[in-house]
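In what follows, a single structure is set out as structure tokens and then discussed.
The values are calculated or read from the model by the stated rules, or taken from the named source; none is laboratory data. As the structure is a computational prediction, the values presented were derived from the model and not from experiment. Note that we place each Cβ from the backbone using ideal geometry, even for glycine, and neighbour counts take in every protein chain shown. Heads up: the accessible areas ignore ligands, DNA and RNA and are worked out on the full protein's heavy atoms, side chains in. Shrake-Rupley method; radii C 1.70, N 1.55, O 1.52, S 1.80 Å.
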Amino acid sequence: MPNPRNHPICGVCANKLVKNGKTSAGRTRWRCKHCGSSAIQTRTDSAKKADFTSFIAWLTSTQPRGDFATSPRTFTRKIQWCWTVTPRVAPTGEVHDQIMLDGTYFNGWCVLIAYTGTHVIDWQWCDQEKNASWTALIRRIPAPVAAIVDGNGPLTTTIKRLWPTTRIQRCHFHIRQAAHRYLTRRPVLPANKELLGLFKLLSKVTSLDEAARWMAAFTSWEAQWESFLKHRTQVRPGTLRPAHVKPGQHWWYTHIRTRRAHNLLAGLIRDNHLFTWLELAEDGYTIAKTTNPLEGSPNKAIKDFLRAHRGLDIDHARRGVDWLLYLRTEAPKDPWSFVTPRAWTQSRSVPKAVKPETGRKETNLLYGTGFSVEDGNGIQKGWGGRSQ
């Protein structure tokens, strides 16, 4: 950039420019006496920083693009290069007492998030929650004391493999959701009513003594309804076969939904994933029993962002989510620190359209020979050419 104390150089004929009044914005106008061209001095880095600051402010707000420039098109053009800047989380190696893990989906993509209850630790993009995607995220984070999960099978498997010393706490809110899915909110059978009551009592357990009484009540329910859970339906002419029954089966459990709800609680008790938060409290740890902080902060912010900025293509939507999550880390740096001059000077490649191949030569020759709007053969509207 030229020194503002010296006369700038003309970009056309390389002669010195002289002052020639001011622009409507109050900036000094410079004019070349040789070729007559005029220009103003600009600092590219300052202008780009202002554009990037507006870009981040727009991403993290619900305001339309027009509030950040003279028009939405002007703002879109100015921030086009900003989408290429990617925030990166630097691993700290800190061991946390608890980490909440969950994935949220949108537009065929899933983002896996690790959250402490107060800030985001890291995240991972994938197509769905599976062992490979959870492994990519968890291997970057030191094993915490406890992990709060929603019951995803690959997640639990990965935690046991990569964090063998970490205690697992199943989210009580997701347990309640599973109860409603299996038993409905207003069950009819007495066994289902009593079992749903046990699910509801989970939220009122606040000590290990109350937890012991709750497990005793569950054991009593098992003893009372043991034969009920074993009821079977035999295949007979005219018997409707449920969707979960395989074609070759000759019988199935009659009360399959009750069994699934029972097996859920029995498995959590067997794996010791139900009252981990109470057991660790005896050792001085404060562990959450739900993933609600994760659902209400990062996940909600993502949904609000996508709702406020509808119409973004998938790449821009993902980059916006990256910034939302990065700004919710413990000590985020200034977003401008990730920007280099290469971000706004890199060349833009135009994708080349590929002609579809049908496998038939005579058909391929027809592509590009049909009518088009540019030829004036589009759908005609209005009364042009018609007589009244």
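Among the residues of region 55-64 satisfying the criterion of being farther than 13 Å from L306 by Cα and buried (at least 17 other Cβ atoms within 10 Å of the Cβ), which is farthest from the chain's Cα centre (by Cα)?
Among those residues, the one meeting the criterion is F55.
Criterion first (crowded, with 17+ Cβ neighbours inside 10 Å, in contact with a strand residue (DSSP E or B) (Cβ under 9 Å, 6 or more places away or on another chain) and over 30 Å from E210 (Cα atoms)) does I287 satisfy it?
It is false that I287 is crowded, with 17+ Cβ neighbours inside 10 Å, in contact with a strand residue (DSSP E or B) (Cβ under 9 Å, 6 or more places away or on another chain) and over 30 Å from E210 (Cα atoms).
If you check A132 against the conditions, is it small (G, A, S), open to solvent by 40 Å² or more (accessible area, probe 1.4 Å) and farther than 25 Å from N292 by Cβ?
yes
For region 85-108, which residues satisfy the criterion of being at pLDDT 90 or above, open to solvent by 20 Å² or more (accessible area, probe 1.4 Å) and closer than 13 Å to G320 by Cβ?
T86
Residues I148, I175: which one is surrounded by 20 or more Cβ atoms within 10 Å (Cβ to Cβ) and within 16 Å of N263 (Cβ to Cβ)?
Testing whether each residue is surrounded by 20 or more Cβ atoms within 10 Å (Cβ to Cβ) and within 16 Å of N263 (Cβ to Cβ) leaves just I175.
Could you pull out the residue among T233, T258, T290 that is in a strand (DSSP E or B) and touching a residue at least 12 places away in the same chain (Cβ under 8 Å)?
Every option except T233 fails the conditions.
Here is a yes/no grid of residues against (1) modelled with pLDDT of 95 or more; (2) open to solvent by less than 40 Å² (accessible area, probe 1.4 Å); (3) within 29 Å of the chain's Cα centre (by Cα):
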residue	(1), (2), (3)
L162	yes, no, yes
T166	yes, yes, yes
R170	yes, no, yes
A179	yes, yes, yes
L195	yes, yes, no
K200	yes, no, no
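Just wondering, is there one or more residues in region 237-248 that are touching a residue at least 60 places away in the same chain (Cβ under 8 Å) and open to solvent by less than 50 Å² (accessible area, probe 1.4 Å)?
Taking every residue of region 237-248 in turn, none turns out to be touching a residue at least 60 places away in the same chain (Cβ under 8 Å) and open to solvent by less than 50 Å² (accessible area, probe 1.4 Å).
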